[in-house]
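These notes concern the structure reproduced below.
The values are calculated or read from the model by the stated rules, or taken from the named source; none is laboratory data. Note that the coordinates shown come from a computational prediction; the quantities given were computed from them, not determined experimentally. Every residue, glycine as well, gets a Cβ built from its backbone with ideal geometry; the counts of neighbours run over all protein chains shown. With ligands, DNA and RNA removed, areas are computed over all heavy atoms of the protein, side chains included. Shrake-Rupley method; radii C 1.70, N 1.55, O 1.52, S 1.80 Å.
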Amino acid sequence: MKSTYNICLPLLLAHEGGYSNHPSDPGGPTNFGITIFDYRKYAKPGATAADVRAMTVEVAKRIYRARYWDAQRCDELPAGLDYAVFDYGVNSGIGRSAKALRRLLRLPDRSVTISDDVIAATHAVDPTTLVTKICDERLRFLRSLRTWPIFGAGWGRRVAEVKVAALAMAAKEHHDM
C-alpha cells in the first residue's frame, strides 16, 4: 500500500494546534496534540510543562509516526480509512480505535490492536462505508464523555472534517485503481 502519512499528518496537526494545558483535559500539558506523558515516553523522560511547550513540530511528527501511525498499522489500511483510524487513535487512544474497528468489521473483540485479521477484513469491504461507520461511532463515543459540554463543539467539527477528508481520500484511491 502507498503511505498517505505525509498527507494525513498536516490534516491532523491542523486540529491539534499548539500548546495547551486546559484544566479539564486529562492529558495535561500538550503541544501539537502530544501529551506530556507521550513526550516523556518517546522523547524526554522527566520532561516538564516547559519542555512540552518548547517541543518542536519535528519531534511531534516523529512521535505521531511511531506512537499512532505505525502502531495502528495505517500504512496497511485502505486510503481514507488510514486517516480516520489515525485521527481517532490520536484523539481517543489507539486501543479504542482498534476495538471500534474490530467491532465494525464484526471480528472477535479479543485484542486492542490492529492485527492481520483486521487488515485483511478492511480490504474486503467498501472503505467509504467503513470510514462513515468509524467516524459515526467515534462521534457517539465522544458525545458520551463528561467533557463533551466543554470540548464537544470542537470534537464534533473535527470528526466531521476528518470524515469529509477521509471519504475524499477513499474515493480518490478507488478511482485511481
Could you grab me the full set of residues in the range 1-21 that are without any contact (Cβ under 8 Å) to a residue 60 or more places away in the chain and more than 17 Å from A66 (Cβ to Cβ)? P10, A14, G17, G18, Y19, S20, N21
The range 149-177 - residue that is under 18 Å from V90 (Cβ atoms) and over 14 Å from the mean Cα position of the chain (by Cα) and, of those, surrounded by the most Cβ atoms within 10 Å (Cβ to Cβ): M169
Pair list, Cβ under 6 Å, 6 or more apart: the range 147-165 residue closer than 23 Å to S24 by Cα, other residue open to solvent by less than 50 Å² (accessible area, probe 1.4 Å): T147/S24; I150/S24; W155/L142; V159/C135; V159/R138; V159/L139
Six or more apart or on different chains, Cβ under 8 Å: which pairs go from a residue in the range 122-135 that's over 16 Å from K172 (Cβ atoms) to one that's among the β-branched types (V, I, T) and at pLDDT 95 or above? Could you list them? I134/V85; C135/V159; C135/V162
Test A168 against the stated conditions and say whether it is in a helix (DSSP H, G or I), in contact with a Gly (Cβ under 8 Å, 6 or more places away or on another chain) and not aromatic (F, W, Y). yes
Which one is surrounded by the most Cβ atoms within 10 Å (Cβ to Cβ) among residues in the range 1-55 that are of a type in the set (V, I, T) and over 28 Å from L81 (Cα atoms)? V52
Looking at (1) over 17 Å from D87 (Cβ atoms); (2) open to solvent by less than 50 Å² (accessible area, probe 1.4 Å); (3) not in a helix (DSSP H, G or I), which is the only condition I119 fails? (3)
Enumerate the pairs (first residue in the range 85-108 and more than 21 Å from S3 (Cβ to Cβ); second residue anywhere and acidic (D, E) and open to solvent by less than 30 Å² (accessible area, probe 1.4 Å)) with beta-carbon separation below 7 Å, excluding pairs fewer than 6 apart on the same chain, so at least 6 apart or on different chains. A100/E137; L104/E137
Kindly state which helices (runs of 4 or more DSSP H) lie completely within the range 1-95 and contain at least 1 residues that are within 23 Å of A168 (Cα to Cα) and in contact with a Lys or Arg (Cβ under 8 Å, 6 or more places away or on another chain). 5-16, 81-92
Of all residues in the range 56-70 being free of Cβ contacts under 8 Å to residues at least 40 places away in the same chain, surrounded by 16 or more Cβ atoms within 10 Å (Cβ to Cβ) and hydrophobic (A, V, I, L, M, F, W, C), the one that is farthest from S115 (Cα to Cα): V59
Inside the range 71-98, the number of residues satisfying the requirement of being open to solvent by less than 10 Å² (accessible area, probe 1.4 Å) and closer than 12 Å to S115 by Cα is 4
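I'd like the full set of residues that are open to solvent by 50 Å² or more (accessible area, probe 1.4 Å) and not hydroxyl-bearing (S, T, Y), limited to the range 134-148.
Here is the first cut: in the range 134-148, the ones open to solvent by 50 Å² or more (accessible area, probe 1.4 Å) are 136, 140, 143-146, 148.
Selection gives D136, R140, R143, L145, R146, W148.
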